[in-house]
Amino acid sequence: QVQLVESGGVLVQAGGSLRLSCAASGTIISINVIGWYRQAPGKQRELVAAITSGGSTNYADSVKGRFTISRDNAKNTVYLQMNSLKPEDTAVYYCNADVRRTYYGGFYAYWGQGTQVTVSS
């Protein structure tokens, strides 16, 4: 089994900064893409940022220049540094990872439970 545990979500004022962490544990051979999604009330879940095992990144247009994703492959951990936060960034942030659990198996997607980020105006 694989568990993704997010942390770092809090209430912050607009213009502030926050860093989210997501640690993957369990039977893990490798992680391909790992990233962050968010879901605001009444809206669909959307990609925020993702990073490949090689370090290539992808960001939603709404967060480019403000958020930075990084990963520590040795710790199976991904981070999301969020700067210049806006009230519209308020959402539950979910970690998602494509994990291979056996040497000859494929990659399967796993989700964390989510962490609430609230940005007050």
- Message: What's the total number of residues in region 6-33 that are farther than 15 Å from V117 by Cα and out of contact with any Lys or Arg (no Cβ under 6 Å at 6 or more places or on another chain)?
- Response: 8
- Query: Based on what the data block shows, is Q44 at pLDDT 95 or above and outside any strand (DSSP E or B)?
  - Reply: yes
- Residues (closer than 17 Å to V119 by Cβ and open to solvent by 20 Å² or more (accessible area, probe 1.4 Å)) located in region 38-59: Q39, A40, P41, G42, K43, E46
- Item | Residue, modelled with the lowest pLDDT, within region 69-107, restricted to residues that are open to solvent by less than 40 Å² (accessible area, probe 1.4 Å), assigned to a loop (DSSP other than H, G, I, E, B) and within 16 Å of I29 (Cβ to Cβ) | G105
- Query: Are any residues in region 1-31 part of a strand (DSSP E or B) and loosely packed, with under 15 Cβ neighbours inside 10 Å, and if so, which ones?
  - Reply: Q3, V5, S7, L11, Q13, R19, S25, G26, S30
- Inside region 111-121, can you point out the residues that are within 17 Å of C22 (Cβ to Cβ), assigned to a strand (DSSP E or B) and open to solvent by less than 40 Å² (accessible area, probe 1.4 Å)? T115, V117
- Message: Take the conditions modelled with pLDDT of 95 or more, of a type outside the set (F, W, Y) and over 10 Å from the mean Cα position of the chain (by Cα) and apply them to R66. Does it pass?
- Response: yes
- Residue pairs within 9 Å by beta carbon, gap of at least six or interchain, first lying in region 47-67 and over 27 Å from S30 (Cα atoms) and of a type in the set (S, T, N, Q), second open to solvent by less than 20 Å² (accessible area, probe 1.4 Å) and not in a helix (DSSP H, G or I), listed first then second, are S62/V48
- Message: Tell me the residue from N73, N96, N58, N83 that is within 15 Å of N32 (Cβ to Cβ) and more than 14 Å from the chain's Cα centre (by Cα), please.
- Response: N73
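The values are calculated or read from the model by the stated rules, or taken from the named source; none is laboratory data. The structure displayed is predicted, hence computed values, not measured ones. Every residue, glycine as well, gets a Cβ built from its backbone with ideal geometry; the counts of neighbours run over all protein chains shown. Note: areas computed on protein heavy atoms with side chains; ligands, DNA, RNA excluded. Shrake-Rupley method; radii C 1.70, N 1.55, O 1.52, S 1.80 Å.
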